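Below: the structure, in structure tokens.
The values are calculated or read from the model by the stated rules, or taken from the named source; none is laboratory data. Note that the coordinates shown come from a computational prediction; the quantities given were computed from them, not determined experimentally. Heads up, the Cβs are rebuilt from the backbone with ideal geometry, glycines too, and the neighbour counts pull from every protein chain shown.
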Amino acid sequence: MFFFLIGGAIDYLYFDAFTAAGPAFPVATVFALGFATSTTLMAYYGGPDIILSSLGAEKLNLQLPEHRELQNVVTEMALASGSTMPRIYVIFDPAPNALATGTNEKNSAICVTSGLLTLLDREETQGVVAHELSHIRNEDILLMTLVSILLGGIAILSDWGRRGFYSSRTGRRLGSKNPLLFIPLLVLIALSPLIAQLLAMAVSRQREYLADATATQYTRNPRGLARALERIRDAGMPFHKASRGTAHLFLVNPLRRRLDDREGGLADLLTTHPPINHRIALLHRMAGIAQPSMESSTVQGSNVQRAQ
Amino acid sequence: MIFTLWAVIFVLGIWIISTYNGLVALRLRVQNAWRQIEVQLKRRYDLIPNLVETVKGYMQYEQDTLQKVIDARSQAMASKGVKETAEAQSALTQSLGKIFMLMENYPDLKASKNALDLQEELTTTENQIAFARQYYNDLVTQYNTKQQVFPANMLAGFFGFQPSEFFSVPEAEQALPKVNLSLNR
């Protein structure tokens with residue numbers, strides 16, 4: 001719908017459609033509509049399988065005890081969340097990470113690296129699987145697919161806007177108006193992809209926090225996920241098969257640039273995942289454990305429990 | 001004037017229908033969740049004989065403990081009603097725990113592949129029962145809340161929706177100690 005309107009606007013303003021002088025057919029509108037529909041349908045139906053095959057995901061081998069344990073853990077979490085069993089895949093890679101794809105419950109899939117299976121124990125794996133399952137339940141993958149389509153669309157449209165801007169017909173028309181009107185238009189066209197990108201990153205980060213919280217709701221055990229995140233952070237291995245496009249699907253940021261470990265204004269704005277230390281701190285707060293940075297002599301709040 | 005009257009009736013009708021449907025859907029989900037618990041309990045019953053068979057060959061001197069497990073299982077299968085079931089289940093878990101404790105004395109058994117597999121199976125069964133109960137309780141909370149909040153409680157009473165019971169037997173659970181089902185490796 002959005003693309004339809006924007007396409008129509010561009011048609012009207014720049015191609016002089018709907019008037020006697022312009023082309024007989026509203027080209028940009030139809031093109032925008034077709035583009036939007038086809039990308040949406042492709043991503044909705046084919047998305048998960050494309051991603052999974054590009055990452056080298058393989059089905060479970062039930063002969064291995066670790067894979068059987070993984071299947072059991074996923075069964076438990078599916079029961080706890082009241083959802084159907086997702087398909088389970090394993091990627092053979094030493095870097096510990098996990099991802100979830102699937103736009104609805106029928107084609108949902110969870111993928112775990114073999115590095116994660118060896119690194120984490122049962123309780124921690126349970127926390128990780130709960131996190132992934134809660135992405136599926138909260139329909140985050142659908143949301144992020146739509147967001148990235150919009151993002152791409154905005155980038156393309158701003159491109160068209162810029163190009164249409166410089167055509168001679170437009171120059172003649174707009175020249176008659178106040179030239180100061182150019183400036184906000186230019187600024188908007190140039191900055192809109194960047195703003196859209198920042199917004200998309202912010203959405204992705206918030207949904208990660210939500211998935212952590214929902215995972216705790218399912219397992220009733222924030223420490224499992226907290227310990228898992230700590231171990232993965234300490235392992236510190238980037239996952240090379242992931243690309244920019246798929247990075248947001250993972251449990252922790254697979255690209256692992258230096259930028260991620262610093263917590264500062266700019267670093268925070270540009271990543272798909274929130275800083276790991278902050279996620280761990282939030283989980284600890286859910287469990288009522290005191291934060292390590294606070295003085296040990298004071299008791300913070302009313303529910304500080306050090307022992308199990 | 002007459003138009004606003006019809007509009008109000010229309011909106012009220014929509015609200016009644018949607019609330020009623022929501023309550024019916026939740027009631028069915030609660031029943032489904034209860035069945036899930038029963039499925040998990042049955043799964044555990046089926047698993048116990050396998051355990052006993054695996055262990056029997058190695059542990060000839062522990063026949064009476066094994067017998068206790070079998071008895072506890074039959075007891076649990078025969079029990080009716082939430083409270084009795086919960087108590088029988090706890091007794092079963094207890095006797096299973098004793099077996100695992102005894103397994104410490106039999107290193108061959110402990111290292112055997114079957115024992116490890118069975119331990120994993122039993123762990124996941126206990127977990128699945130726990131999570132099925134958790135989900136059931138969460139749903140019951142949701143259902144009861146939806147029935148009891150202000151505008152909907154009039155409707156719920158009128159259509160005859162009853163609050164569901166939680167799955168919890170506090171006396172039985174708290175009296176019995178936790179059982180350790182892990183093998184020290």
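Restricting attention to region B:129-166, report how many residues are over 30 Å from residue A:73 (Cβ atoms) and small (Gly, Ala, Ser).
Going through region B:129-166 one residue at a time, the tally reaches 4.
What are the residues in region A:71-89 that are within 7 Å of another protein chain (Cβ to nearest Cβ) and at pLDDT 90 or above, if any?
Those that are within 7 Å of another protein chain (Cβ to nearest Cβ) and at pLDDT 90 or above: A:72, A:75, A:76, A:79, A:80.
Say whether the condition of being modelled with pLDDT of 85 or more, touching a Cys at 6+ places or on another chain (Cβ under 8 Å) and more than 14 Å from chain B (Cβ to nearest Cβ) is met by at least one residue in region A:91-98.
Within region A:91-98, one or more residues are modelled with pLDDT of 85 or more, touching a Cys at 6+ places or on another chain (Cβ under 8 Å) and more than 14 Å from chain B (Cβ to nearest Cβ).
Could you please find all residues in region A:99-122 being within 14 Å of chain B (Cβ to nearest Cβ) and either without any contact (Cβ under 8 Å) to a residue 12 or more places away in the chain or among the charged types (D, E, K, R) (or both)?
A:121, A:122, listed by residue number.
Any idea which residue in region A:55-70 is modelled with the lowest pLDDT, counting only those that are among the acidic types (Asp, Glu) and either more than 24 Å from residue B:39 (Cα to Cα) or outside any helix (DSSP H, G or I) (or both)?
Top of the filtered list is A:58.
State whether the residues of region B:74-88 include one that is out of contact with any strand residue (DSSP E or B) (no Cβ under 6 Å at 6 or more places or on another chain), over 25 Å from residue A:80 (Cβ atoms) and buried (at least 19 other Cβ atoms within 10 Å of the Cβ).
no
When residue A:112 is evaluated against the numbered criteria (1) buried (at least 18 other Cβ atoms within 10 Å of the Cβ); (2) assigned to a loop (DSSP other than H, G, I, E, B), which criterion, by number, is the only one it fails?
(2) is the only condition that residue A:112 fails.
Among (1) within 14 Å of chain A (Cβ to nearest Cβ); (2) farther than 27 Å from residue B:167 by Cα, there is one condition residue B:103 misses while meeting the rest; what is its number?
Every listed condition holds for residue B:103 apart from (1).
Of the residues B:36, B:31, B:40, which is within 14 Å of chain A (Cβ to nearest Cβ), out of contact with any helix residue (DSSP H, G or I) (no Cβ under 9 Å at 6 or more places or on another chain) and part of a helix (DSSP H, G or I)?
When all the criteria are applied, what remains is B:31.
List the residue pairs whose Cβ atoms are under 7 Å apart, where the first residue sits in region A:40-67 and is aromatic (Phe, Trp, Tyr), the second is surrounded by 12 or more Cβ atoms within 10 Å (Cβ to Cβ) and modelled with pLDDT of 80 or more, and the two are 6 or more positions apart or on different chains.
none
Residue under question is residue B:26, and the condition is that it be within 14 Å of another protein chain (Cβ to nearest Cβ) and touching a Lys or Arg at 6+ places or on another chain (Cβ under 7 Å); does it hold?
yes
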